[in-house]
Amino acid sequence: MGQLAIPIAIASAATAAVVSYQGYQQAASQAKAAGDYNKRVYEYRAKVSEQDAEIIRRKNEQDKYYFDRDFKKYQGQTIVAYLKNGVSIERGTPYAQLKQNYEDAQYQKDIMDYNASIGEKNAEDNALFERMTGSISQMNAYAQAQSYQYQAYSSLLTGVQKVGYYGSIA
């Protein structure tokens, strides 16, 4: 090698090592930023699922309110019809029918509660899953960033090794 070739080789090796190092550091920074962003997206989705659970709870309460209101209205109309026709509602078939209507209404409200609880549970489970997915996504991104940082340090060491080699043959 000529006298000029060795300094150029040393400068090239050092420059390549620094540029490579900076590139890997930038990649590490971007990987962390992507992981943090993904975590925020999953957290948002978890909050939406939690809001869905609350909406299901409130909707069930509202549905039961209207159901009770309608039931009382129709039950009252039935009682008035019995009494208007001179039928006693304190015993016998009218009493049994009114009692059955009440029990059926309670059963329907129990079904409404059960279905709402399933919907709530599904929404809450979805929120939990979204949060776990966000945490895993962030951890994966941080691991990738760590890998880029190791590659950055490795590129510096390789550059130092090349500079040392070229310096030794000068």
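Kindly indicate whether Gln108 is within 30 Å of Ser20 (Cα to Cα) and at pLDDT 95 or above.
On the way: within 30 Å of Ser20 (Cα to Cα): no; at pLDDT 95 or above: yes.
Answer is no for this residue.
Tally the residues that are among the basic types (Lys, Arg), farther than 30 Å from Val41 by Cβ and open to solvent by 50 Å² or more (accessible area, probe 1.4 Å), restricting the search to the range 81-129.
Count: 3.
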Within the range 147-170, restricting attention to residues that are open to solvent by 60 Å² or more (accessible area, probe 1.4 Å), within 20 Å of Ala5 (Cβ to Cβ) and of a type in the set (A, V, I, L, M, F, W, C), which residue is modelled with the highest pLDDT? Val160
Would you pick out the residues in the range 39-60 that are among the hydrophobic types (A, V, I, L, M, F, W, C) and crowded, with 18+ Cβ neighbours inside 10 Å? Ala46, Ala53, Ile56
Restricting the range 1-38 to residues that are surrounded by 12 or more Cβ atoms within 10 Å (Cβ to Cβ) and hydroxyl-bearing (Ser, Thr, Tyr), which is farthest from Gln151 (Cα to Cα)? Tyr37
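The values are calculated or read from the model by the stated rules, or taken from the named source; none is laboratory data. From a predicted model like this one, the values you see are computed outputs, not experimental measurements. Ideal geometry is used to build each Cβ from the backbone, glycine not excepted, and the neighbour counts take in all protein chains shown. Accessible surface is based on the protein model in full, side chains and every heavy atom, while ligands, DNA and RNA are left aside. Shrake-Rupley method; radii C 1.70, N 1.55, O 1.52, S 1.80 Å.
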